[in-house]
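Engineer: I am attaching a structure below and will ask some questions about it afterwards.
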């Protein structure tokens, strides 16, 4: 009869599947609300509620400037104020998750009957409050990565599983919601409006459907986050005796962040990827709404966009071990940059001839998403490496604050992306409103705008990872050796 050896009382179980699955669930919980707002908030307020794009883009910029204070303050609180003796991060995730549930619903409240000032105020205030709640969840959740394990291969595994968790809500939102929140456009007599150039029905957004969707998604998100707190374990306990307390801690963290060259390089690449890849998915919806005249097919483009991630994910451990994350990311972003240039040229050549079909468009997206796929899979391991490098150099345990500053730039990038969409649409003549009549050829302009945006993102990310980010394979191995040495010293002192 075999027996299982039990861990000593008070011991933390070894890193394993519970950590990987639990960490994936954490980003899935955040993603159900984040992706819903990133994909549909602009469409909801501009196409359904009736805000002008000119108003919407500055609302987003103001809210992201508000986040500059919000993220840094909450990051400092997470580092310096424990809500529980048992865990530094889990109580923040639970408290923030409850508040985020309510405020996600508030963002999609039915305010269509409000005055223009009322609509602007509701959009700005509800989104700013949601941002506070999201930060209360996301900062401690993101900080967990660097304290679950200090082993590079396990950090890469967590980053990979987090990418899976982040992708699932995006896939659900992009594949299922279009069938729920879009319908055929009707004329004054109740007849379906048919686009003369394609023969397909024109489609409009059913904004009233987004409120019940927000209610369901936010409740599901909370219970998923709760599961994360039960599955993930904190194992790395860093010395906090050198930490700066009070208001000085904010300035200390800012100095640490901006004097870390790797963190600066990663942040620039993140601004490009989040602002111009992740935050412009609404443009892809508009491509299928106004160019292909078939929103139901947007799910096909989404599947193909994620194909590079699905293909690369099983290989990422071996690829990063062989080449290092820096070299791998720089190369794949260069591939995407070349693909973007080719795609933009093709769009100008083929659209006037009526030869840009859905298959060619999806092929262009496939090439553009190679570098972004590698970035999304590896980014959280890169963040953990940058935080570990800061601890190695300064001796300060500032995980929450450093992650919060990085998180601010991610969310600010989202705002930049939405502003780019609004300004870009105004530039090509897009008309706002639920039943707006668009100028001829608007679909052509949207296709070119989307490809141009993704191409620019790839070029910026390539330059940043190739020439600014400075944690190569050699530095990764040195950091791993230093972490192992500290772990052995700590184990010896415990004995």
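The values are calculated or read from the model by the stated rules, or taken from the named source; none is laboratory data. Every value quoted in this text rests on a predicted model; they were computed, and no experiment measured them. For neighbour counting, all protein chains shown are included, and Cβ atoms are generated from backbone atoms with ideal geometry for every residue, glycine included.
Engineer: Being in contact (Cβ under 8 Å) with a residue 60 or more places away in the chain and more than 19 Å from residue 138 (Cβ to Cβ) is the filter here, so list the residues in segment 363-384 that pass it.
Structural biologist: Result: 364, 365, 366, 368, 369, 370, 371, 372, 373, 374.
Engineer: Does at least one position in segment 62-82 carry a residue that is touching a helix residue (DSSP H, G or I) at 6+ places or on another chain (Cβ under 8 Å), crowded, with 23+ Cβ neighbours inside 10 Å and not in a helix (DSSP H, G or I)?
Structural biologist: no
Engineer: Here's something else I'd like to know. Quick check: anything in segment 327-346 within 21 Å of residue 158 (Cα to Cα) and surrounded by fewer than 19 Cβ atoms within 10 Å (Cβ to Cβ)?
Structural biologist: yes
Engineer: Quick test for you: out of 405, 446, 423, pick the one residue that is in contact (Cβ under 8 Å) with a residue 60 or more places away in the chain, surrounded by fewer than 17 Cβ atoms within 10 Å (Cβ to Cβ) and either assigned to a helix (DSSP H, G or I) or at negative phi (or both).
Structural biologist: Unique residue meeting the criteria: 423.
Engineer: Restricting attention to segment 45-64, does a residue exist that is at negative phi, touching a strand residue (DSSP E or B) at 6+ places or on another chain (Cβ under 6 Å) and touching a residue at least 12 places away in the same chain (Cβ under 8 Å)?
Structural biologist: The answer is yes, given that some residue of segment 45-64 is at negative phi, touching a strand residue (DSSP E or B) at 6+ places or on another chain (Cβ under 6 Å) and touching a residue at least 12 places away in the same chain (Cβ under 8 Å).
Engineer: Can you say whether residue 228 is assigned to a helix (DSSP H, G or I), more than 30 Å from residue 457 (Cα to Cα) and modelled with pLDDT of 90 or more, as far as the supplied structure shows? Working first, answer last.
Structural biologist: Numbers: assigned to a helix (DSSP H, G or I): yes; more than 30 Å from residue 457 (Cα to Cα): yes; modelled with pLDDT of 90 or more: yes.
Yes: the conditions hold for residue 228.
Engineer: Answer yes or no: is there a residue in segment 136-147 that is more than 16 Å from the chain's Cα centre (by Cα), surrounded by fewer than 22 Cβ atoms within 10 Å (Cβ to Cβ) and farther than 20 Å from residue 399 by Cα.
Structural biologist: For segment 136-147, residues more than 16 Å from the chain's Cα centre (by Cα), surrounded by fewer than 22 Cβ atoms within 10 Å (Cβ to Cβ) and farther than 20 Å from residue 399 by Cα: absent.
Engineer: Which pairs have Cβ atoms under 8 Å, sit 6 or more apart or on different chains, and link a residue in segment 183-212 that is in a loop (DSSP other than H, G, I, E, B) to one that is exposed (fewer than 14 other Cβ atoms within 10 Å of the Cβ) and at pLDDT 75 or above?
Structural biologist: Matching pairs, first to second residue: 206/180.
Engineer: Now a separate question. Take the residues of segment 103-129 that are in contact (Cβ under 8 Å) with a residue 40 or more places away in the chain, under 21 Å from the mean Cα position of the chain (by Cα) and in a helix (DSSP H, G or I): which is farthest from residue 415 (Cα to Cα)?
Structural biologist: If we take residues in segment 103-129 being in contact (Cβ under 8 Å) with a residue 40 or more places away in the chain, under 21 Å from the mean Cα position of the chain (by Cα) and in a helix (DSSP H, G or I), then 105 is farthest from residue 415 (Cα to Cα).
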